[in-house]
Structures are given as structure tokens and as C-alpha cells.
Amino acid sequence: MLGVLGLISCSPSKKEPTEQKQPWWKQAVIYQIYPRSFKDSDGDGIGDLKGIISELDYIKSLGVDAVWLNPIYTSPNADNGYDVSNYRDIQPEFGTMADFDLMLSEMHKRGIRLIMDMVVNHSSDEHEWFKQSRSSRNNPYRNYYHWWNAEKGAPPYRYSLFDEKGDAWQYDSLTNAYYLHYFADKQPDLNWENPKVRQEVYDIMKFWAEKGVDGFRLDAFQFVAKDTTFPKFPDGFEKDFMKYYAMQGNLHEYLKEMNREVLSKYNLMSVAEGAGNSFEDAHNLVDEDRQELSMAYAFDGVDIPKRTGYNLLHFKDVFSRWDSAFAQKGWISIFLANHDQARMVNRYATDDPAFREAAAKMLNTFILSMRGTPYCYYGDELGMTNIGFEKIEQYRDIAAINGYKKVLNSGGDVAAYMADLKFGSRDNGRTPMQWNSSPQAGFTTGTPWLPVNPNYVEINVAKQDKDPHSVLNHFRHMVRLRKENPVLIYGAYQLLQREHPQVYAYTRTYQGERFLVLHNFSNQQAQFELPQPVAAQRLLINNYADYVPEGKTLLLKPYQSVIYRL
Ligand code: GLC
């Protein structure tokens, strides 16, 4: 395997894609914004669209191509916008439709595309459809949701991810029936088996496409299709619920229909949350010939870290397997964080001040040097860290709060649950963006909805902007390097020395060019043997300003990450 390094140049293979013919989203770097936490323009402590508009030049300065915005539609906020009560309007605390229009045109002016979050596995229980649906068994909207009439007896158990009892059926006395909610009881699941529901969704998507949005991220979409006879699942199925919930029934038919009706008509980029249970599932979602979605978004990478740590070999295997499964066809997303995860630097490396900056730069180099579309979650370009709440009262996330009740009620290990939350809760990744060292990190003039991480005095945009060696400027540098070198986008990936316990090393090869990428994932110096020496002059990026590894036996500092042109 090491022999590959001996080939300094190589001839392009027939299978290599030509970048000119590729869609924009393969070459894009996507920046994810959690609008509640990005920038508040009016002092209510909640980020908003005007706040985003005021920071578009900053976003542009990162070199990213597109923004994925978490939901901004009207919502009672049971799950911070993932419970939509009106899909065609803007949540007042985020602004108005005029603000949205301005934001979109200001983004487009700067060459930044916008990807909206479509939350249509479920709506809010305060959506007009659900109000109608629940009002009587004969209501024309009854069939927009899944109901189980109580005279049939208790419905077959379904697991709910957010319910405090873990039960996805909620009894509603008004019509003596249960409705289904895979998430919280305020998030009833829409009935995708009803063609009217599907048309409603396509109309909503068209509404936003007409406004000029460039793509959609489909929330929880792998769950939408259901067997509405609701067969009994085996006892304990909830331990492996994805097998029973994901990619069921007619899901692919619905995606093809959506593609025909909306995605292809408006030339939209699309990515569903999740990629099923197998490579086959993932391929079936994004195989170009099938006309469904643009790219897969698999969770295996973010499922790796545990409070007790993780094994680097496992990490390498997961990313290598996904790469090889998509080596010839299809396209994947590369990410280590999003709004459902804690901060990547804590999860995959460390927030120890001695290593934090190097570690954050290393993880960004990793994301931006793999094949697939990289997603950067806001604040990760600075190396923002977990806030690490100690008490349940500090949490805002429904998943954390209801999970706590569930553990408490079932006599579970509360201390272990709290330790898990401190490490992995979604609120860790939702604290306000750290803009500068003024009070509340310049995020708001009011009281932020979730506390600002006290380390904002050290970690903030203003400070890092001025420092050529900051995590932020390293991120910008790495984005530029990717843009200027198609080998980093399209190049074939080859893992080197899989067994190395500290170093994740790989090459990327494309059209006669080969890059060598090395990341030391440990807090110790690491040694890496090459078959041939590399010279310092070949170095393209380095997260240490004062030390360049070179030669045949490379010595890498803790969390050092380097790329050479071979
Ligand atoms: C997805 C979202 C998550 C949300 C859930 C319910 O997993 O990413 O934030 O809570 O769906 O909509």
C-alpha cells in the first residue's frame, strides 16, 4: 500500500470526473447556521435574519459557497423550529418575509447559495392541518396524520425519540383516538401515504423555490414512509429502531415524485437527513440514474465518539468505508458536527487549552480534505467548544429534558445520563456564536436564549480575524486550498497504514496529481514512516506555525495536521 507514495505523477484514469461538468454542490463547502444562535439584531436574545444579513461579508470571507439554514418557519418552538405551524411564513422572532427576501438577495449578490431545511416528516400540532385533523374523525384533514381509533384497543407500540415515556402514540380524547409522533407529542407525523399531503409538501417547496432558494435539506426524511397497517414490531425493537423506521415502504417512490415535481424543475440541490441502514440504501437515495436526491448524509461518523472516548481505527474505517462505497458513483456529505451534536473539538479531540487550537485546525483540515461535500457547523471555524452544563435546569433542548424525565421515571442512572449530556448534548452545539470579547460575545445586547460560553473572551471572530495563525484563518486557508486544487474535491482516496494508532494518513489522487494528508489524532508526538522522504517545500498547509515535519521519518506534534503535494 505504501508503494503508492512512490508514484509522484500518475495518469488520469478514465473514471475520473471532469470538474467542469459537475454540479456546483460537489465543489461546494457548506456552512450551517443555527439561526437562533448566530447573530441577534434586535436585542431579544434570539438570533435573527437581520443578524445573518449583517454577517454575510463574514460568511463570504470564509470562502464557503452555500448556507444551510436550520428552520426559520413559524413554530411554537417545542423543538426550536423543527415543529412548523406555517411553512410559508417566517418565525416572528427571526424577522419577516421581507427580511428573508433581502437575506436571500444579499446572499446571491455575494455568490452564496441558500439551502432551506424542510421539516415534513411531521408538523407542529399547532399547524392548521393538525387542528383540523384532530377536530373530528370525518374532517377532510383527518388523513393528513396517522390516527389509531381507541376502540381497536391500544395501538402496537411505537418508539418515540423525544417522548418522556418513549411512546410515539398520544391519546387524544376529543376523537377517542391516538396520533403518531416519532418525535415529541407536539410533532405529529404527517401521513405521506396520502397523496394530498405529498402535493401540499411539493407546493410548499415550490413556494420557496420560486423565491430562488438553491436547495433543501430534508429533515428526518428517511422516516416518512410507513406501513399504515401498523404491524406489531418484535419486543425490544426500539434498541434498533432505525431498522424498522428508516427507508420503509414507498419512500423511494415519494422521492422520485418529489424530484419530478420540484427538485429537477428548479434545479435544486437536495440532501436528506440520514442515509438509511446500509450503503445500498444510501446509494439508492443518490444514484444519479434514479433521479432522487443529490447527496447522502450518513450518521456513522458522528455516531463514533462516546464519553468514554473512541478508537481511531474505527474512525478511519468508517470514513474509508463510506469513501470506497461511493468511489465510483454517488456523492456523500462530510461532517463532524451539526445542530444535533456537541462541539466537534470536544468529541473527536480535546478542548484542553494546550491543544485545542491545533485540534480544531486538524479537524477542519480533515473535513476539507476528504472526498464529498464538507459541511462546517457555525463556530467550528473558530474551534468553539462545549459549554458543559451541570444541571438539568440549564438545558433548553427538548431531547435532553424529556430524556432526563424518562431516565428518572424508569429508575435509570441519572448521574450517567447527566455525564452523557454534558459531553454530548445538542445544547453544547447551540450556544451563541462568539463574535468578539464584548459582553455576550457580541451576539446580543440582551440576554441570550442560551448562555454564551464563558471562553468567548479567548475564542471569538474579532480576535481570530487579526491573527494569521488562528483557527479561523487556518479554516479560510484550507477552504482556499480545496478550491484551488480539484484533487482535494475529486481525487481518489487511499488510506495509508490503517493500523497506525495515532495517525490518520491518506492520499488523494487526481489527474496526475497526488496529495499526502496526515493528521495526528493524539495529544502525543507521533512518528510516521514514509517509503520516500517528503521535503518541507512540498508542504501545502500546516496547523503548526513553527514546525514543519520533513524527511522519511515524519515526526508529528500533538494534533498536527499537514498536507504535502507529492
Ligand atoms: C432532525 C433534526 C433535529 C430535530 C428532529 C425532529 O433530527 O435534525 O434537530 O429535533 O429532526 O425534527
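The values are calculated or read from the model by the stated rules, or taken from the named source; none is laboratory data. What you see is a predicted model, and the numbers here were worked out from it, not measured in a lab. Methodologically, a virtual Cβ is constructed for each residue, glycine included, from the backbone with ideal geometry; neighbour enumeration extends over all protein chains shown. Ligands, DNA and RNA are excluded from the accessible area calculation, which covers all protein heavy atoms including side chains. Shrake-Rupley method; radii C 1.70, N 1.55, O 1.52, S 1.80 Å.
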Within segment 215-262, residues open to solvent by 30 Å² or more (accessible area, probe 1.4 Å), within 16 Å of the ligand (Cβ to nearest atom) and small (Gly, Ala, Ser) come out as none
Scanning segment 512-565 for residues that are farther than 23 Å from Tyr490 by Cβ, among the polar types (S, T, N, Q) and in a strand (DSSP E or B) gives Asn520, Gln527, Gln532, Asn542, Thr553
In segment 33-66, anything more than 16 Å from the ligand (Cβ to nearest atom) and aliphatic (A, V, I, L, M) is listed as Ile46, Leu49, Ile52, Ile53, Leu56, Ile59, Leu62, Val64, Ala66
Within segment 362-408, residues being surrounded by fewer than 24 Cβ atoms within 10 Å (Cβ to Cβ), in a loop (DSSP other than H, G, I, E, B) and among the acidic types (Asp, Glu) number 2
| query | Looking at segment 3-23, is at least one residue out of contact with any strand residue (DSSP E or B) (no Cβ under 8 Å at 6 or more places or on another chain), modelled with pLDDT of 95 or more and not in a loop (DSSP other than H, G, I, E, B)? | reply | no
The residue that is nearest to Phe233 (Cα to Cα), considering only those in segment 164-179 that are open to solvent by 40 Å² or more (accessible area, probe 1.4 Å) and out of contact with any Pro (no Cβ under 6 Å at 6 or more places or on another chain), is Asp167
(1) open to solvent by less than 10 Å² (accessible area, probe 1.4 Å); (2) in contact with a helix residue (DSSP H, G or I) (Cβ under 7 Å, 6 or more places away or on another chain) all hold for Gly212 apart from (1)
Residue pairs qualifying under the 6 Å Cβ cut-off, at least six apart or on distinct chains, with the first in segment 333-346 being open to solvent by 10 Å² or more (accessible area, probe 1.4 Å) and the second being among the basic types (Lys, Arg) and within 13 Å of the ligand (Cβ to nearest atom), are Asp340/Arg426
Listed by range, helices (runs of 4 or more DSSP H) wholly within segment 216-331 having at least 2 residues that are more than 26 Å from Met116 (Cβ to Cβ) are 241-245, 279-286, 312-325
Notebook entry, point to check: Is it true that some residue in segment 502-509 is of a type in the set (Val, Ile, Thr), under 16 Å from Met370 (Cβ atoms), buried (at least 21 other Cβ atoms within 10 Å of the Cβ) and touching a Cys at 6+ places or on another chain (Cβ under 8 Å)?
Noted result: yes
Flagged in segment 442-465 as in a loop (DSSP other than H, G, I, E, B), surrounded by 16 or more Cβ atoms within 10 Å (Cβ to Cβ) and among the β-branched types (Val, Ile, Thr), in numbering order, are Thr444, Val452, Ile459
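Each row is one residue, and each column tells you yes or no for (1) surrounded by fewer than 16 Cβ atoms within 10 Å (Cβ to Cβ); (2) more than 16 Å from the ligand (Cβ to nearest atom).
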| site | (1), (2) |
| --- | --- |
| Asp79 | no, no |
| Tyr82 | no, no |
| Ser105 | yes, yes |
| Arg110 | yes, yes |
| Val119 | no, no |
| Lys131 | yes, yes |
| Ser136 | yes, yes |
| Trp148 | no, yes |
| Phe162 | no, no |
Quiz item: In this structure, does Gln187 turn out to be assigned to a strand (DSSP E or B), among the polar types (S, T, N, Q) and touching a strand residue (DSSP E or B) at 6+ places or on another chain (Cβ under 9 Å)?
Solution: no
Kindly establish whether Asp89 is within 16 Å of the ligand (Cβ to nearest atom) and out of contact with any Cys (no Cβ under 7 Å at 6 or more places or on another chain). no
Counting only strands (runs of 3 or more DSSP E) entirely within segment 30-136, those with at least 2 residues that are touching a residue at least 40 places away in the same chain (Cβ under 8 Å) and of a type outside the set (A, V, I, L, M, F, W, C) are 30-33, 86-90, 113-118
Here the residues within segment 185-208 that are more than 16 Å from the ligand (Cβ to nearest atom) and open to solvent by less than 10 Å² (accessible area, probe 1.4 Å) are Val197, Tyr202, Met205, Trp208
